[in-house]
Each structure stands twice: as C-alpha cells, then as structure tokens.
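The block underneath contains the structure these notes are about, expressed in structure tokens.
All of the numbers you see were taken from the coordinates with simple rules; none came from a lab. Since we're looking at a predicted model, the values are computed, not measured. Backbone-built Cβ (ideal geometry, glycine too); neighbour counts: all protein chains shown.
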Amino acid sequence: MPELAEVEWYRKQWNVGLGKKIVDVRLDGRNRVFRGTDPRELHRRLVDEKFLSSEARGKRMLFKFSSHNWLGIHLGMTGKIRVESGNFHPNKHDHLVLYQSERALVFTDSRQFGRVRFHHGREGPDWWDTGVPEIISAEFDQRFVDRFLDRHRKAPIKSVVLLQNGFSGIGNWMADEILWRAKVRPPKRTGKLTRHERAAIFRATKFVVRRSLETLGRNFTDPPKNWLIHQKWRREGVCPLHRTLLRHTIIGGRTTAWCPRCQK
Ligand SMILES: [Zn+2]
C-alpha cells in the first residue's frame with residue numbers, strides 16, 4: 001500500500017502536464033473509485049481547463065485546475081498515477097484518463113480501494129483540510145505527539161502509529177521502521193510508554209519520513225541499505241544492526257516485524 005513517500009512520488013508524475021489544457025476526460029462513472037462523486041461533473045468542468053498545481057498530504061493528493069476546479073485522489077491499496085502518450089487507449093483498470101494534446105494523465109487502480117473526488121469552488125474542498133499536521137511540518141512536534149498518544153492509551157503503539165489523524169501518511173512498513181529505530185516493542189500499550197520512549201518515537205518518525213521523502217519520494221530509489229524494510233518481508237529476515245532473527249506478530253490485523261534484541 002502506498003505510504004507518504006510513494007504518494008509524493010506518484011503525485012509528481014503528472015507534473016509534466018502542468019500549465020497545459022485538458023482536451024478530453026475518459027472515465028467509467030460506475031466504477032467504485034468514484035463513490036460519492038458525480039463523474040459527469042468531472043467531465044463537464046475539466047475539459048478546456050488548465051492543470052495548475054498539485055499537493056500531497058499524508059496519503060492523499062490534490063490536483064488544482066483553472067476556473068476553481070479541484071481533483072482529489074487517494075491511491076488506496078493498489079492505485080498508481082502515470083503518464084501515457086496522447087493516443088493512449090485506457091485498459092480495464094485505468095479508471096480516469098485526463099487527455100492533453102501531447103499526453104494522457106492516467107489513474108489506475110486494480111483493486112479499487114482508491115478514490116477520486118471532485119470539487120468546484122473558489123475555496124479548496126472542505127475534505128482537504130482535516131487539521132492534521134503533516135509530519136514534516138513544525139506543527140508536528142513532541143507536544144502534538146504526546147497529546148495524540150494520551151488519547152489512545154489502551155491501544156498497542158503499533159496501531160496508534162498507523163492512525164491517519166495523528167501520524168498522517170504512515171503505513172505498515174514505515175510504522176515498523178519507526179518503532180525499530182525508537183527501540184520500542186510494537187505490541188506495547190501506548191499508556192505504558194516512558195517519556196524517553198515517546199521522545200524516541202517522535203524523533204524516529206521525523207527521521208524516517210524525511211529520509212523516505214529524500215529517496216522514495218524523490219526518485220523512487222530504495223531507502224538506505226541498513227533499514228528494516230529490506231529485511232522485513234524475508235523469511236529469514238534479520239536485524240540490520242546485529243543479524244538477530246526478526247520476529248513477526250500480527251497487531252491490529254497487520255503483520256509486524258521487529259527485533260527481539262533491540263525492541264525489549
Ligand atoms: Zn536488533
């Protein structure tokens with residue numbers, strides 16, 4: 001599932017069409033990715049408008065078009081954004097294609113857990129501003145994290161780091177990376193964390209997000225070799241620090257990899 005760094009990379013794929021007009025829109029309005037949106041409006045409003053800018057927040061993307069038109073995309077489990085040539089014919093899973101004279105901007109999603117939303121209005125869509133700070137922003141500070149952790153004292157910390165209204169854009173692999181780096185056992189109850197552990201989780205979150213954006217988010221290159229992600233899915237995966245065999249536990253329905261020696 002795409003997490004914040006992958007989303008940031010996908011968001012930029014359409015940049016090649018910035019400043020250019022949309023000449024046609026092709027979509028299948030009955031598809032599940034358009035739930036809650038009137039697909040006819042999307043077609044009617046976007047043709048002849050220019051693609052102006054884009055932005056990502058957590059796992060969500062927002063594309064702005066001229067005449068106050070906004071397109072939101074969530075990639076869900078299997079969504080992808082790509083660019084094809086101007087005479088491109090959509091395949092089964094290409095649910096939205098924005099044609100420009102020289103290219104086609106394509107949104108694909110085989111499992112259809114993703115979502116396309118549309119908004120027309122001078123102000124941005126109300127579903128965009130959730131009030132949750134981006135992790136790279138200054139508003140995501142120790143105080144914010146402490147208050148958020150206090151609201152979820154009974155839950156295992158692994159589940160809490162996955163909550164999008166606190167840790168915006170974090171998914172399964174980043175959560176494991178953060179807890180491994182912070183040396184915190186993933187099933188530990190959030191209310192039992194020490195002050196030292198809370199500080200370590202905050203620092204590790206900032207670090208993992210920043211480095212992921214510099215690698216995956218910039219050009220889809222792998223995160224550094226000594227990260228847990230490279231071992232996490234291996235049958236005989238080991239801790240990158242001292243080769244201890246990793247353990248795998250299911251927490252809140254998600255497979256969690258952790259090192260029994262680092263995360264006591
Ligand atoms: Zn270890």
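Just T215, T194, T37 to compare: in a GNM of the chain, with alpha carbon springs under 10 Å, which one fluctuates most?
Of T215, T194, T37, the most mobile in the Gaussian network model is T194.
Anyone know which of P133, P39, P224 comes out most mobile in the 10 Å Cα GNM of the chain?
P224
Classify segment 4-120 from the C-alpha gyration tensor, please: rounded if a/c falls under 1.5, else prolate or oblate depending on whether a/b exceeds b/c.
It comes out rounded by the Cα gyration axes.
With springs connecting C-alpha atoms under 10 Å apart, model the chain as a Gaussian network and identify which of G86, G114, G217 has the largest mean-square fluctuation.
In the Gaussian network model the winner is G86.
Give me H93, H242, H68 sorted ascending by neighbouring Cβ count inside 10 Å, so fewest comes first.
Placing the least packed residue first, the sequence is H242, H68, H93.
With unit charges on the beta carbons (Lys and Arg positive, Asp and Glu negative) and the dipole taken about the Cα centre of segment 4-120, which residue among H119, A104, W14 sits farthest to the positive side?
Of H119, A104, W14, it is H119.
Checking the cross-link filter: which aspartates and glutamates have an alpha carbon closer than 13 Å to that of K225, excluding same-chain neighbours under 8 positions apart?
Of all the aspartates and glutamates, those that pass the test against K225 - Cα under 13 Å, at least 8 places apart if same chain - are E177.
Divide, for segment 142-258, the radius of gyration over alpha carbons by 2.2 N^0.38 Å, where N is the residue count.
Rg over 2.2 N^0.38 Å, computed on Cα atoms: 1.02.
Relative to the Cα centre, what is the charge dipole magnitude of the chain, using +1 at the beta carbon of each Lys and Arg, -1 at the beta carbon of each Asp and Glu, and rounding to the nearest 20 debye?
Here the size comes out at about 1340 debye.
How would the chain be classified by its alpha-carbon gyration tensor: rounded, prolate or oblate, with rounded meaning a/c under 1.5 and the a/b versus b/c comparison settling the rest?
Prolate, since a/c reaches 1.5 and a/b exceeds b/c.
So for E177, E214, E3, fewest C-beta neighbours within 10 Å to most, what's the order?
With the fewest neighbours first, E177, E214, E3 line up as E214, E3, E177.
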